[in-house]
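Below you'll find the structure, written out as structure tokens, and then a few comments.
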Amino acid sequence: MKKIFLFAALLQLISAQENLLINVYNRPAKSLSGQWNYIVDPYENGFYNYRYEPYDNAKDPGKGAYFTNAKPKDKTELVEYDFDKSDTIAVPGDWNTQKEKLFYYEGTIWYKKSFDYRKKKNTNRVFVYFEAANYQADVYLNGTKLGKHIGGFTPFNYEVTKLLKEKDNFLVVKVDNKRKKEGVPTLNTDWWNYGGLTRDVKLVETSDDFIQDYVIQLDPNDRKKIKGTVTLNGSDIAQKKIRIIIPELGLDQMIVTDSSGTASVEMQSQKISYWTTQNPHVYNVIVQTQKDEVVDQIGFRTITTKEQNILLNNTEIFLRGISIHEESPVRHGRAHSLDDAKQLLTWAKELGCNYVRLAHYPHNEHMARLADKMGILVWEEIPVYWTISWDNEETYRNAEHQLTTMINRDKNRASVIIWSMANETPTSDLRNIFLGKLAAKTRALDPTRLISAALEQSSVPGNPNVKIISDPFANVVDILSFNQYIGWYDGLPNKCKDIRWNITQNKPVVISEFGADAKYGFHADTLTRFSEEYQEYLYKETLEMISAIPQLRGISPWILVDFRSPRRTLPNIQDGWNRKGLISDDGKKKKAFFVLQKFYNTKAAMNKK
Ligand code: GCB
């Protein structure tokens with residue numbers, strides 16, 4: 001009972017922070033996707049006056065403030081911009097790959113969309129929901145500021161009920177993708193800093209009192225029990241009846257909210273078909289109040305570790321994985337659509353995967369939803385990458401906010417089993433405290449999933465060929481993960497034969513990265529860098545080397561598809577692409593793809609026995 005109370009309290013905490021609507025894919029919504037007008041504003045002239053004071057703070061912002069979408073009253077009036085006469089760009093979509101002139105652009109771009117909107121019911125409420133904007137968004141509707149959001153890969157929403165008109169609304173968004181030292185991620189990464197409204201924007205309509213949030217899942221301690229919490233939002237939400245129905249299981253239960261609009265549920269069933277990678281069964285779950293109804297598709301499973309094993313529904317599992325960046329291999333640029341997700345996850349399946357690492361930031365919601373349906377386990381992570389400003393409190397708050405939002409959005413997805421805190425971060429006291437706080441937060445928000453981070457390996461002093469994981473954060477994680485590039489950044493592939501692993505932690509090991517660059521179609525001998533043969537050789541040697549790690553329970557090599565990175569400049573080979581993909585940027589499979597595929601097929605066959 002106490003546990004349930006705690007769970008409910010924590011859920012409320014998440015909701016209060018942001019009031020993020022969950023499951024917007026199944027709610028009545030009008031997408032604002034399509035062409036938006038845009039103005040490129042490197043000097044942020046539409047945001048600051050000539051004394052560099054933000055118009056946001058001014059009593060009368062005047063005609064210079066772009067968010068007012070000003071038009072001259074007559075020919076004498078001076079207005080030096082015009083959204084409607086400006087060029088258009090597609091939303092969702094990054095700006096870099098839509099306009100040649102914006103390919104390398106890092107700065108501010110203003111977006112404007114005009115629309116009419118008629119509510120279905122007068123008493124209803126409306127929210128504008130952004131699936132993501134990279135990196136900072138200042139949002140205005142009809143000349144009023146709704147808010148500012150920081151973080152390029154997580155959703156956010158604002159209520160617009162009072163501001164919305166039936167005709168001629170204008171939504172203006174200033175999106176700024178300048179990299180910042182204190183940002184999350186920080187200045188240096190190994191991926192393209194795609195800017196803009198990279199995911200869908202929609203208007204979501206709800207009843208006046210509505211279902212804000214819920215988590216419904218299998219009780220980790222009793223696999224015949226489904227339990228959860230529902231939170232309402234509105235002015236009259238205390239002592240309200242909520243009905244939870246799972247038709248396929250014949251479950252139908254009424255619960256009543258407490259004074260804060262939250263209610264907990266517990267339901268018993270003997271006939272739950274557990275979600276597995278072979279049979280990814282999802283149930284329709286209906287949450288109903290007198291005024292609102294939300295339907296979701298939820299799978300029920302448990303995920304735990306026991307000593308060196310990972311257990312899915314109490315059965316040992318090996319994670320046959322691959323890392324993926326959120327890039328579209330067909331269109332190039334940021335992926336955002338269901339088709340993009342299908343392409344990436346279908347390739348992962350073809351490779352023999354039952355698991356993917358979604359690197360290095362939260363991907364769009366389609367990915368986890370589709371993984372639920374396809375039976376692919378998922379690692380999700382936040383962009384706490386390399387050299388974050390560990391001593392900066394704002395940086396911590398930002399990272400925690402991204403983490404909280406990611407968990408909040410995807411907490412009902414059975415496929416998601418691991419929350420990852422960070423990637424290749426150098427150990428220090430401040431970093432250990434930073435990550436420790438993130439991990440504690442994660443455990444408080446979601447005690448049902450596993451925690452990890454992509455750590456680094458090191459050598460025993462005086463013996464470079466004996467590898468260990470010497471990182472205090474290894475004591476915190478449930479899954480011991482690390483990246484290693486022996487044979488690429490460290491020697492040649494035959495070095496793998498000399499390496500001995502001395503991993504002393506009694507935990508499952510999942511190697512989060514290994515790999516080598518190869519340019520598709522470039523053939524040479526196995527020691528020629530960037531040839532397909534080198535990459536193929538490295539995969540063979542690495543797979544043999546890591547198979548000797550007794551507690552190895554999974555891998556997610558780097559990476560499914562070549563991806564853009566400004567760090568990779570070698571002409572005729574890289575040309576701005578990280579070439580560690582097993583598939584080229586135009587969808588062609590390299591030789592190493594088939595090495596890994598064979599390894600996975602053998603593993604899968606062994607696991608069936
Ligand atoms: C890493 C990073 C990844 C890079 C990769 C590489 O360790 O985690 O973001 O892209 O190496 O290709 O160097």
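The values are calculated or read from the model by the stated rules, or taken from the named source; none is laboratory data. For clarity, every value in this text was computed on a predicted model and none was experimentally measured. Ideal geometry is used to build each Cβ from the backbone, glycine not excepted, and the neighbour counts take in all protein chains shown. Each accessible area value is taken on the protein alone, full model and side chains, heavy atoms only, with ligands, DNA and RNA left out. Shrake-Rupley method; radii C 1.70, N 1.55, O 1.52, S 1.80 Å.
At R0 = 45 Å, how high is the FRET efficiency between Lys180 and Asn601 if r is their beta carbon distance? Nearest 0.05 is fine. The partial results should precede the final answer.
On the way: r = 45 Å, r/R0 = 1.00.
Efficiency, rounded to the nearest 0.05: 0.50.
Between segment 334-386 and segment 81-145, what's the alpha-carbon centroid distance in Å?
About 26 Å separates the Cα centre of segment 334-386 from the one of segment 81-145.
Calculate the dipole size of segment 32-206 relative to its Cα centre from +1 charges on Lys and Arg beta carbons and -1 charges on Asp and Glu beta carbons; express the result in debye to the nearest 20.
On the way: 28 positive and 25 negative charges, 124 e Å.
Dipole about the Cα centre, nearest 20: 600 debye.
List the lysines whose alpha-carbon lies under 25 Å from that of Lys181, not counting same-chain residues fewer than 8 positions away?
Cross-link targets: Lys148, Lys437, Lys441.
Work out how much length Asp498 to Ser259 would gain on full extension: take 0.36 nm times their residue separation and subtract the Cα-Cα distance, in nm to one decimal.
Details: separation 239, 0.36 × 239 = 86.04 nm, distance 6.43 nm.
Working it through step by step, the gained length comes to 79.6 nm.
I'd like the FRET efficiency for Asp252 and Asn188, computed as 1/(1 + (r/R0)^6) with the beta carbon distance as r and R0 of 56 Å, rounded to 0.05.
Step by step, r from the Cβ atoms, then E = 0.55.
Roughly what % of DSSP beta bridges within the chain run antiparallel, to the nearest 5? Please report the intermediate quantities before stating the final value.
Values: 87 of 121 bridges.
Antiparallel: roughly 70 percent of the beta bridges in the chain.
Hey, rough spin-label estimate for Asn221 and Lys71, points 7 angstrom out along Cα→Cβ, what's it come to in nanometres?
Output for this residue pair reads 6.3 nm.
Assigning unit charges at the beta carbon (Lys, Arg +1; Asp, Glu -1) and nothing else, what dipole magnitude in debye, to the nearest 20, does segment 208-291 show about its Cα centre? Can you show the working numbers first?
Details: 9 positive and 10 negative charges, 62 e Å.
It works out to roughly 300 debye.
Using the Cα centre as the reference, give the magnitude of the dipole from point charges on the C-beta atoms of the chain (Lys, Arg: +1; Asp, Glu: -1; all else neutral), rounded to the nearest 20 debye.
Numbers: 82 positive and 75 negative charges, 245 e Å.
So the magnitude is around 1180 debye.
What FRET efficiency do you get for Lys148 and Glu544 if R0 is 41 Å and r is their Cβ-Cβ distance, rounded to the nearest 0.05?
Numbers: r = 51 Å, r/R0 = 1.25.
The calculated FRET efficiency here is 0.20.
Want the number for Tyr104 to Arg118: 0.36 nm per residue separation, take away the alpha-carbon distance, what's left? Could the numbers behind the result be given before it?
Values: separation 14, 0.36 × 14 = 5.04 nm, distance 3.94 nm.
Residue separation times 0.36 nm, minus the Cα-Cα distance, leaves 1.1 nm.
Roughly speaking, to the nearest percent, how much of the chain's 1.4 Å accessible area is carbon and sulfur?
For the chain, the apolar C and S fraction of the accessible surface comes to 51 percent.
Residues of segment 247-277 with backbone nitrogen within less than 16 Å of a virtual label 7 Å along the Cα-to-Cβ line of Val295, please, listed as ranges.
Within reach of a label on Val295: 247-251.
Just from its helices, what would the mean residue ellipticity at 222 nm be for the chain, if runs of 4 or more DSSP H residues each count -39500 (n - 2.57) and the sum is divided by every residue, rounded to the nearest 500 deg cm²/dmol?
-6000 deg cm²/dmol
If contacts are Cα pairs under 8 angstrom and at least 6 residues apart, what is the relative contact order of the chain in percent?
Here the relative contact order equals 11 percent.
Enter the accessible area of Lys148 (Å², nearest 10), with the probe set to 1.4 Å and all protein chains included.
About 120 Å², rounded to the nearest 10.
Starting from the Cα of Ala440, step 7 Å along the direction of its Cβ; do the same at Arg529; then give the gap between the two resulting points in nm.
4.4
Taking the Cα centre of the chain as the origin and placing charges on Cβ (Lys, Arg +1; Asp, Glu -1), which of Ile150, Ile242, Gly491 is farthest toward the positive end of the dipole?
Ile242
Once both labels are modelled 7 Å past Cα along the beta-carbon direction, what's the Tyr48-Ser235 spacing in nm?
With each label point 7 Å from Cα toward Cβ, the separation is 4.2 nm.
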